[in-house]
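Visitor: Once you've had a glance at the structure underneath, I'll fire off some questions.
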Amino acid sequence: MRLTRYFLPVLKETPKEAQIVSHQLMLRAGLIKQQSAGVYVWLPFGLKVLKKIENIIREEQNNAGAIELLMPTMQGADLWRESGRYDDYGLEMLRIKDRHERDLLFGPTAEEVVTDVFRTYVRSYKDLPLNLYNIQWKFRDEIRPRFGVMRGREFLMKDAYSFDIDENGARDSYRKMFLAYLRTFQRMGLRGVPMRADTGPIGGDLSHEFIILAPTGESGVFYDAIYEERDWANAEIDFSNTDTGRKQREELFNEVLQSYAATDEMHDDAEFKAKVPEERRREGRGIEVGHIFFFGEKYSKPMGAKIMGPEGKEINAQMGSYGIGVSRLVGAIIEASHDENGIVWPKEITPFDLGIINLKSGDAECDALCDKLYDIALKAGREPLYDDRNERAGAKFATMDLIGVPTQITIGPRGIQNGVIEIKDRKTQEKKEIPITEFETWLKA
Ligand code: ATP
Ligand code: MG
């Protein structure tokens, strides 16, 4: 992308309305524009980031055997009356009437819709396990939308729903998502620490929040440092529906949960101290980026989502749901990865992986070399952003750092004379020169 042909409205001043750094940087770097309280326009650069995150989540959901569909944002109230939640949900639900005075709502979640899909088509235990997910906008009329996209009113969520014939099956479905989440967050350059969470009236041990550690987080957290160490992105996890797969998942799951991690709501200090040696105990704050839980027949029973079981008797499906805050993650990643100059995108998230800075736009030699390197990068399958604006060098460096491009090359008249270009690492700010002739080899390495 050439910057002169792109739409990247960056701001020089830090907007006063933004209290936390990720919100400030998202406004300054031209990712979002607020439209109304907790509702945002995703500008082109922000949309690219959102899509990167979405794609990692999608790949890992598919890999774990979940199947994507797309459910509507507008849901009929009748389904919610069947489950009993229409009256229970409260003021967070945005209720709407259509021209025929029928009650609609903007979905805050989709248990009812997916249960209705299930009961319409699935008849036999032989069709299970089944896990259906979508990545769709949700609306919750939060009492206090704040911190930009971290607590918005309209936000993008990945929500998956599992259906099993019994609790054992549901536990396995839960473990699949649990392990997929560990991989998903690590691929984004994050550590999603699974913390025991409240299961509400259903009880049991199958509810976890995945928390990103950050000082601005809304929850207090207590955990074993071990959760920051294990490499999940490269772990071999068998997601197949075989006995070996199920056994491996159970072992991994139990191993991960051997130690201690909990949010302040569920914290038990005595247990924390008993389980975690002092040097490994960590306390801090965290951002909830995902929440998974098992809720059995809560929806399948009132909504009649029955299937024929192996013994020829009808049984209610055992369900679980698995959310990830896709748009919240954009803010969470920035909270976890930035410095005084701006965003530092992890490699898997950055929309542009190579910045090209032309120190003297308008100079025939500089322009020609920049064009050439830009083409080489494109042909090598890279996503370069070429700052070809007629701006001072300082402004170009500042923009490239603000928007967080991980690797940046600088081309200027002096370098050309010496046959070199400069390469800078965004994170470490380390610079080195390489011969122009070696650009292609360097790119491939
Ligand atoms: P919270 O306690 O933060 O309100 P929740 O328990 O209501 O979250 P879930 O219903 O489990 O959240 O939704 C799944 C995920 O959606 C959450 O883990 C979070 O990442 C994201 N999410 C929830 N509410 C919002 C919001 N208002 N803005 C952005 N993301 C949200
Ligand atoms: Mg909430």
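The values are calculated or read from the model by the stated rules, or taken from the named source; none is laboratory data. Computed from a prediction, not measured in an experiment: that's the story for all the values here. Counting neighbours? That spans all protein chains shown, and the Cβs are built from the backbone with ideal geometry, glycine included. The accessibility values were calculated without ligands, DNA or RNA, using every heavy atom of the protein model including side chains. Shrake-Rupley method; radii C 1.70, N 1.55, O 1.52, S 1.80 Å.
Visitor: When the scattering of the chain is computed by the Debye formula from its Cα atoms alone, each counted once and equally, what is log10 I(q)/I(0) at q = 0.14 Å⁻¹?
Guide: Scattering profile of the chain, log10 relative to I(0): -1.30.
Visitor: For the chain, what is the calculated [θ] at 222 nm in deg cm²/dmol (nearest 500), taking -39500 (n - 2.57) for each run of four or more DSSP H residues and dividing by its residue count?
Guide: Helices in the chain give a 222 nm mean residue ellipticity of -9500 deg cm²/dmol.
Visitor: Give the separation of the Cα centroids, segment 317-336 to segment 44-91, in Å.
Guide: After rounding, the separation between the Cα centres reads 10 Å.
Visitor: Continuing with this model, one more query. Rounded if a/c is under 1.5, else prolate if a/b is larger than b/c, else oblate: which is segment 354-444, with a ≥ b ≥ c the root eigenvalues of its Cα gyration tensor?
Guide: rounded
Visitor: Another question, if that's okay. Pop out the carbon and sulfur fraction of the accessible area of the chain as a percent, whole number, probe 1.4 Å. If you can, show how the numbers build up before the last one.
Guide: Working: 9900 of 20690 Å².
That share works out to 48 percent.
Visitor: Compute the Cα gyration tensor for segment 49-141, then decide on rounded, prolate or oblate, letting a ≥ b ≥ c be the square roots of its eigenvalues: rounded whenever a/c is under 1.5, prolate when a/b is larger than b/c in the other cases, and oblate in all that remain.
Guide: Details: a/c = 2.53, a/b = 1.35, b/c = 1.88.
It comes out oblate by the Cα gyration axes.
Visitor: Still on this structure, please answer the following. Of the candidates Leu257, Leu179, Leu50, which one comes out as most mobile in a Gaussian network treatment of the chain with C-alpha springs shorter than 10 Å?
Guide: Ranking Leu257, Leu179, Leu50 by mean-square fluctuation puts Leu257 first.
Visitor: Now for a different question. With every protein chain present, what is the per residue accessible area of the chain (1.4 Å probe, Å²)?
Guide: In whole numbers, the chain has 47 Å² accessible per residue.
Visitor: Tell me the net charge near Asp205. Cut-off is 10 Å between Cβ atoms, Asp205 excluded, with +1 for each Lys or Arg and -1 for each Asp or Glu.
Guide: Net charge in that neighbourhood comes out at +2.
Visitor: Quick check: net charge around Ile324, other residues with Cβ under 9 Å of its Cβ, Lys/Arg +1 and Asp/Glu -1?
Guide: Here the count lands on +1.
Visitor: Using only alpha carbon pairs under 8 Å that are at least six residues apart, calculate the relative contact order of the chain and give it in whole percent.
Guide: The normalised contact order for the chain reaches 17 percent.
Visitor: Next up: Among Gly76, Gly217, Gly415, which one shows the highest mean-square fluctuation when the chain is modelled as a Gaussian network with alpha-carbon springs under 10 Å?
Guide: Taking springs between Cα atoms under 10 Å, the residue moving most is Gly415.
Visitor: Before anything else, pin down the relative contact order of segment 120-257: Cα pairs under 8 Å, at least 6 apart, normalised by residue count, whole percent.
Guide: After rounding, I find 18 percent.
Visitor: Name the residues whose placed amide hydrogens come within less than 5 Å of the amide hydrogen of Leu130, ignoring near sequence neighbours (fewer than 5 apart) on the same chain.
Guide: Result for Leu130 returns Phe163.
Visitor: Moving on. Calculate one ³J(HN,Hα) per residue across segment 276-288 by plugging θ = phi - 60° into the Karplus curve 6.51 cos²θ - 1.76 cosθ + 1.60, and present them in order as whole Hz with x for glycine and proline.
Guide: Taking θ as phi minus 60°, the curve returns 10, x, 3, 5, 9, 6, 10, 10, x, 10, x, 10, 6 Hz for segment 276-288.
Visitor: Rounding to the nearest 10 and keeping the result within 0 to 90°, find how far the Cα-based axis of helix 111-121 lies from the longest principal axis of the chain.
Guide: Computed tilt is about 70 degrees.
Visitor: Right, next: Could you give the angle, 0 to 90 degrees to the nearest 10, between helix 44-63's Cα long axis and the longest principal axis of the Cα atoms of the chain?
Guide: Roughly 50 degrees between the two axes.
Visitor: Going by average Cβ density within 10 Å per residue, which order do the peptides 171-177, 55-61 take, highest to lowest?
Guide: 171-177, 55-61
Visitor: I'd like the chymotrypsin sites (Phe, Trp or Tyr not before Pro) in segment 1-79 restricted to DSSP loop residues with at most 10 other Cβ atoms within 10 Å, sorted by number.
Guide: Phe7
Visitor: Ok, one more. Accessible area, 1.4 Å probe, largest first: how do Ser240, Ser207 sort?
Guide: From most accessible down to least: Ser240, Ser207.
Visitor: Would you mind checking the pairs Lys48/Lys176; Lys33/Lys176; Lys33/Lys431 and listing those with alpha carbons more than 30 angstrom apart?
Guide: In this structure, Lys33/Lys176; Lys33/Lys431 lie more than 30 Å apart at Cα.
Visitor: To the nearest 0.05, how large is the calculated FRET efficiency for Thr199 and Asp87 if R₀ is 30 Å and r is the Cβ-Cβ distance?
Guide: On the way: r = 22 Å, r/R0 = 0.75.
E(calc), rounded to 0.05, equals 0.85.
Visitor: Is the shape of segment 118-181 best called rounded, prolate or oblate, per the rule: a/c under 1.5 gives rounded, else a/b larger than b/c gives prolate, else oblate, with a ≥ b ≥ c the square roots of the Cα gyration tensor eigenvalues?
Guide: Cα axes put segment 118-181 in the prolate bin.
Visitor: Once ligands and nucleic acids are excluded and a 1.4 Å probe is used, how much of Asp166 is accessible, expressed in Å² to the nearest 10?
Guide: 70
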